[in-house]
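I have placed the structure first, in the form of structure tokens, so that the comments after it can refer back to it.
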Amino acid sequence: MNQFLKTLFKRQGVKAALYLVITLILIDTFLTWRYKAEMNRNLAEQTKLNEIAAQKGLIISNLNNIDMSIRGFLLVGNEAFVETYEKIKGQSGPTMQFLHDNLPSIGIAPSSLSDMNKMLEDYFKLMDKVIALSRSGDRESALVIINEDHGTAVWQTYMELSGLIDPVIQSLKSESENDYNTLLRMSLTFQIILFAIGIPTLVYTILNLTKSYQRRRMLFMKLDEQNRKLIFDTNTAVDLDNEDQVIKGMIGNLNKAAGFIKSITEGNYDVKWDGYSKANSEINQHNISGALLVMREEMKKKQEEGVRQQWASEGLNRISEIIRDHQSDFELLCHHTLSFIIKYLEAQQGGIFVLNEDDERDRYIELVSCYAFNKKKFVTKRIEIGEGVIGQAFLEGQPVYLKQVPNEYVKITSGLGEANPKMLTIYPMKQNEEIVGLIEIASFHTLDQHALDFLENACKSIAASMIVIRGNVKTKVLLEKAQQQTEELRAQEEEMRQNMEELQATQEEMQRREIERRSTVEKG
């Protein structure tokens with residue numbers, strides 16, 4: 001029998017202990033609810049009583065402020081004092097209405113406010129009269145009224161009202177506090193009972209549940225370790241006692257991995273692994289999250305590189321179209337290529353400078369096209385080789401990047417004003433080390449490397465087209481010169497032919513005359 005009872009108690013003892021604890025907790029919960037409800041009621045009662053007292057006190061505070069405002073107005077004549085008075089006067093009505101609505105809740109009839117309302121109404125009328133007298137210039141009469149100290153009667157009425165309201169408020173507060181303290185003592189008493197019975201019961205329950213808890217805890221500890229090692233480690237402690245948290249953590253990491261992979265396959269290379277940070281990046285290098293992030297970065301780099309290459313390719317294709325459309329007109333070619341490059345790079349100003357070799361003894365750099373240059377900059381069209389930044393860049397044949405542009409060098413101008421550019425880029429246009437000119441670009445933003453690479457290739461294409469155009473121009477000039485020389489030779493040949501014909505005609509005429517002369521001599 002004893003063995004049966006032991007076995008039964010061993011199997012059902014934990015349940016019985018838990019039922020007992022639950023019962024005690026429910027009772028304590030009910031008492032706690034009662035205590036909280038009483039506390040809230042007490043708090044609401046105290047708040048209401050304090051609000052009534054505050055609104056009552058506001059009456060005398062407003063009277064003091066009115067007295068100071070009226071006296072200040074009479075002394076300095078500043079209308080700001082009148083505005084303060086009007087504001088306080090406007091607050092009086094809501095204050096008295098509040099007291100009228102709430103005094104019945106504490107057992108005081110609203111009619112007890114009638115004397116106070118009458119005194120305030122008369123007092124406000126009297127103060128309005130004082131203001132009117134002062135504004136009309138009769139400050140002496142106004143001061144007489146003020147010196148009569150009508151506020152004393154209002155104050156006495158207020159004190160009578162306070163003598164009626166304050167004792168009631170104090171009594172209600174004491175009653176509310178007593179009820180609250182009674183319930184508090186009851187709750188504390190049961191807390192002691194709950195402690196005396198519940199602690200031994202919980203100790204028994206804990207001892208019986210410890211072995212089972214330890215086994216389950218080891219299982220979830222291994223599960224959490226594998227989750228961190230293989231998928232993702234947040235580098236934050238997990239409550240192993242919370243089994244749902246461990247399971248949800250592992251399921252959550254699997255969902256993160258699936259969602260991350262899906263986003264990448266859809267082309268979203270900006271997707272982030274929720275919870276991944278610099279603090280835990282090192283410990284996640286060799287798990288699934290780290291590998292997926294590395295893969296994302298590689299694919300993102302390839303995509304960005306593809307976008308940059310496409311951007312540069314489209315720009316170079318557009319420049320090639322401009323070159324084809326204007327390969328016969330040097331000035332239009334410079335104008336359209338410069339305009340396109342400035343807009344494509346989202347810059348603000350620019351210019352194209354070319355080497356002028358019309359006179360081999362006087363070679364210089366010439367501004368042939370500009371975009372959004374101010375007047376002063378546009379006037380300087382001739383630059384000697386080696387002179388200034390432009391001339392030196394031409395002489396050295398290397399790009400120049402200025403991120404601190406001198407104030408007087410160039411300014412970007414708009415309808416709202418002007419400002420220094422953030423970056424000035426000067427790039428030589430050369431083909432096979434032959435420099436034919438330079439392009440200068442001013443912008444409010446720094447050009448990144450792929451934009452500079454695009455600019456370099458664009459300058460090569462423009463330089464090649466310039467060399468071809470200049471070669472064509474020289475060829476055209478030589479052809480025109482050769483054609484002119486040919487025409488001059490033809491004119492000379494025609495002149496010589498005419499001279500020969502005239503000479504031949506002269507010789508024939510002389511021969512004819514000689515024959516006639518001889519014939520005349522023979523006949524004679």
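Per-residue answers, yes or no, for (1) in the same structural domain as residue 367 (by TED's automatic domain parsing); (2) within 22 Å of residue 329 (Cα to Cα); (3) of a type in the set (Ser, Thr, Tyr); (4) assigned to a helix (DSSP H, G or I):
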{"residue": "438", "(1), (2), (3), (4)": "yes, yes, no, no"}
{"residue": "441", "(1), (2), (3), (4)": "yes, no, no, no"}
{"residue": "446", "(1), (2), (3), (4)": "yes, no, yes, no"}
{"residue": "450", "(1), (2), (3), (4)": "yes, no, no, yes"}
{"residue": "453", "(1), (2), (3), (4)": "yes, no, no, yes"}
{"residue": "457", "(1), (2), (3), (4)": "yes, yes, no, yes"}
{"residue": "513", "(1), (2), (3), (4)": "no, no, no, yes"}
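Which condition from (1) over 49 Å from the mean Cα position of the chain (by Cα); (2) at pLDDT 75 or above is the one that residue 38 breaks?
Just one mismatch for residue 38, condition (2).
Where residues in the stretch 56-81 are under 22 Å from residue 118 (Cα atoms) and free of Cβ contacts under 8 Å to residues at least 60 places away in the same chain, which of them is surrounded by the most Cβ atoms within 10 Å (Cβ to Cβ)?
It comes out as 69.
With the condition being over 30 Å from residue 254 (Cβ atoms) and of a type in the set (A, V, I, L, M, F, W, C), I'd like the helices (runs of 4 or more DSSP H) fully within the stretch 271-362 carrying at least 1 qualifying residues.
288-325, 330-344
Considering the stretch 431-490 alone, what residues qualify as being within 36 Å of the chain's Cα centre (by Cα) and closer than 17 Å to residue 356 by Cβ?
439, 440
Checking the structure you have, find out if any residue of the stretch 319-342 is assigned by TED's automatic domain parsing to the domain that holds residue 448, modelled with pLDDT of 80 or more, within 28 Å of the chain's Cα centre (by Cα) and closer than 30 Å to residue 458 by Cβ.
Yes, the stretch 319-342 contains at least one residue that is assigned by TED's automatic domain parsing to the domain that holds residue 448, modelled with pLDDT of 80 or more, within 28 Å of the chain's Cα centre (by Cα) and closer than 30 Å to residue 458 by Cβ.
Return the only residue of 355, 345, 402, 333 being closer than 20 Å to residue 445 by Cβ and touching a residue at least 60 places away in the same chain (Cβ under 8 Å).
345
Six or more apart or on different chains, Cβ atoms under 8 Å: show the pairs whose first residue is in the stretch 446-467 and without any contact (Cβ under 8 Å) to a residue 60 or more places away in the chain and whose second is among the acidic types (Asp, Glu) and surrounded by fewer than 17 Cβ atoms within 10 Å (Cβ to Cβ).
Listed by first residue and then by second, the contacts come to 463/434; 467/434.
Hey, does the stretch 101-109 have a residue that's touching a Pro at 6+ places or on another chain (Cβ under 9 Å), assigned by TED's automatic domain parsing to the domain that holds residue 79 and free of Cβ contacts under 8 Å to residues at least 24 places away in the same chain?
yes
Name the one entry in 217, 135 that is at pLDDT 80 or above and within 56 Å of the chain's Cα centre (by Cα).
Checking each option against the conditions leaves just 135.
Looking at the stretch 224-240, is at least one residue assigned to a helix (DSSP H, G or I) and closer than 28 Å to residue 21 by Cα?
no
Got at least one residue in the stretch 133-156 being assigned to a helix (DSSP H, G or I), closer than 30 Å to residue 78 by Cα and in contact with a His (Cβ under 6 Å, 6 or more places away or on another chain)?
Looking through the stretch 133-156, none of the residues is assigned to a helix (DSSP H, G or I), closer than 30 Å to residue 78 by Cα and in contact with a His (Cβ under 6 Å, 6 or more places away or on another chain).
A quick yes/no check of all residues on (1) crowded, with 16+ Cβ neighbours inside 10 Å; (2) outside the structural domain of residue 20 (by TED's automatic domain parsing); (3) under 57 Å from the mean Cα position of the chain (by Cα):
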{"site": "146", "(1), (2), (3)": "yes, no, no"}
{"site": "154", "(1), (2), (3)": "yes, no, no"}
{"site": "159", "(1), (2), (3)": "no, no, no"}
{"site": "166", "(1), (2), (3)": "no, no, yes"}
{"site": "174", "(1), (2), (3)": "no, no, yes"}
{"site": "177", "(1), (2), (3)": "no, no, yes"}
{"site": "181", "(1), (2), (3)": "no, no, yes"}
{"site": "186", "(1), (2), (3)": "no, no, no"}
{"site": "189", "(1), (2), (3)": "no, no, no"}
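Based on this model, can you work out whether residue 120 counts as at pLDDT below 80, under 15 Å from residue 155 (Cα atoms), in a helix (DSSP H, G or I) and over 50 Å from the mean Cα position of the chain (by Cα)?
yes
Search the stretch 187-198 for residues that are within 22 Å of residue 39 (Cα to Cα) and pair each with any residue that is part of a helix (DSSP H, G or I) and of a type in the set (A, V, I, L, M, F, W, C) when their beta-carbon atoms are under 7 Å apart and the residues are at least 6 apart or on different chains.
If the second residue must be part of a helix (DSSP H, G or I) and of a type in the set (A, V, I, L, M, F, W, C), the pairs left are 187/31; 190/27; 190/31; 194/24.
The values are calculated or read from the model by the stated rules, or taken from the named source; none is laboratory data. For clarity, every value in this text was computed on a predicted model and none was experimentally measured. Reconstructed Cβ throughout: ideal geometry from the backbone, glycine too, with neighbour counts over all protein chains shown.
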